[in-house]
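To start, the structure under review is shown below, and the notes come after it.
Bear in mind that the values in this text are calculations on the coordinates, not laboratory data. Remember, predicted model here, so these are calculated numbers, not experimental data. Neighbour counts run over all protein chains shown; Cβ positions are idealised from the backbone, glycine included.
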Amino acid sequence: MHNYDEPVYLISVVSKMLDIHPQTLRQYEREGLVSPSRTDGRMRLYSQRDVDKIKMVLRLTRELGVNLAGVDIILRLKERISKLEYEVESLNMEVMTHKYDGTKANRKQLQSKNDTYDVAIFEEDFDEYQDK
């Protein structure tokens, strides 16, 4: 049995598995939706994680009508949520450790690092902002 992240599937195999054209897989790679590994000979190799991600892309586009730009946003948000869930779990474990070992952690020890936020300015908002 292969590791979930081990690159083992050629593009032709993934294409047949998912009943899609290899060019579609190449497009997903160009769009940054999937990043298969490469052999020394530059052949694409997909992991099971890649295949599952492609399945999600197909479901979003085919069943829910999301365009590729929307899929990209959804995948990024999903990844961010997973990271935040992991961080929350780590902080919970740290709090529990301090709670049960009798030590008191100060507030600064338990704070997570500050995050940066992206700001989206829509054209109508930008025009309104410039008028002020």
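Miscellaneous remarks
- Members of the range 10-46 that are polar (S, T, N, Q) and within 15 Å of the chain's Cα centre (by Cα): S35
- Subset of the range 36-95 (residues that are of a type in the set (S, T, N, Q) and either loosely packed, with under 12 Cβ neighbours inside 10 Å or over 22 Å from D19 (Cα atoms) (or both)): T39, N67, S82, S90, N92
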